[in-house]
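Colleague: Starting off with a structure, shown below.
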Amino acid sequence: MDTLALHQTATPTLHRWGSRRRNGRRRALEAEGWRTWLSYRENHRRRLDGRLVTVDECWEAELEHLDGRVITVSGSTPTVVWSTAWRHLHVHEIAGVEPA
């Protein structure tokens, strides 16, 4: 079973479309035979005195295809995660190359 991990940060254009685009990408991937899971985690960064400095958010999607391929994608928003997975899978398909 091959596994691929991708990471990408948000760009302002991806935020404009919100959940409609995200859900569309996810539904399209599922229609193509991918099972999808989305998880969220955050890391709290604190100063030595305990004061919260920042919160690092990370969304991670795991996609498993019927043929056994597994892809893990992480990013700063769900929109980034689904768009990154969609682009990776379809760029390779257009180029005639199997994703790793």
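Read-outs throughout are calculated quantities, based only on the coordinates presented, and are distinct from any laboratory measurement. Model, not experiment: these values are computed from the prediction. Cβ: placed from backbone, ideal geometry, glycine included. Neighbour counts: every protein chain shown.
Colleague: With a 10 Å radius around each residue's Cβ, average the other Cβ atoms per peptide and rank 27-35, 78-86, highest first.
Modeller: Final packing ranking: 78-86, 27-35.
Colleague: Order these peptides, 44-50, 59-65, by their mean beta-carbon neighbour count within 10 angstrom, highest first.
Modeller: Per-residue Cβ counts within 10 Å, averaged per peptide and sorted highest first, yield 59-65, 44-50.
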